[in-house]
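To start, the structure itself, in structure tokens.
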């Protein structure tokens, strides 16, 4: 296979080819490992994301024959695997979000950058608290939509749940977030 054809081949085609040529799966790693790592780092921190990215790819490789080749992209499937691995580390994630919620802006001299930094830090505290209060399933759906920009269909595929469940969890999560976060006036 040429480099050009490997770049245009769908993930489904690569995974199907990897059933007989295990080395072909390296293309899936090359295409998606950085994206999966970024998602994981936002959820559980960079150090744990390194481990979980490797575990995600290992699980995907081991279960590649279960991948539904009617889906051209493997990314929602990989997000699903990563999300399931995160559930094993949910306590760590909840502790990290509670810590984020407790932190406040550090005192320092005022300049424009400091004012912006203070506003971001001040927003992080209630945001972290609100995210930490969501149920794990609501948090999973919200973060896949908000951080990874997945469609409802892709979230349903990633989490192996019906699309109606995605919609209801996202609605509940957004409602809880709106109630928990103060609205800011921008009259300045």
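Observations on the structure shown:
- Distance between modelled label sites at residue 30 and residue 51, nm, 7 Å Cα→Cβ extension: 2.9 nm
- If the segment from residue 135 to residue 73 were pulled out straight at 0.36 nm per residue, it would be longer than the present Cα-Cα gap by 19.5 nm.
- Theoretical FRET efficiency, 1/(1+(r/R0)^6), r = Cβ-Cβ of residue 88 and residue 171, R0 35 Å, to 0.05: 0.85
- Region 9-88: equivalent-ellipsoid semi-axes (sqrt of 5 x gyration tensor eigenvalues, Cα, Å): 22, 11, 11
- For a modelled paramagnetic label at residue 95, 7 Å from Cα along Cα-to-Cβ, the residues of region 32-48 in reach, with backbone nitrogen under 20 Å, are 40-48.
Laboratory data are not the source of any read-out in this text; all were calculated from the coordinates shown. As the structure is a prediction and not an experimental result, all values here were calculated from the model. Cβ sites come from the backbone with ideal geometry, for glycine too, and all protein chains shown count toward neighbours.
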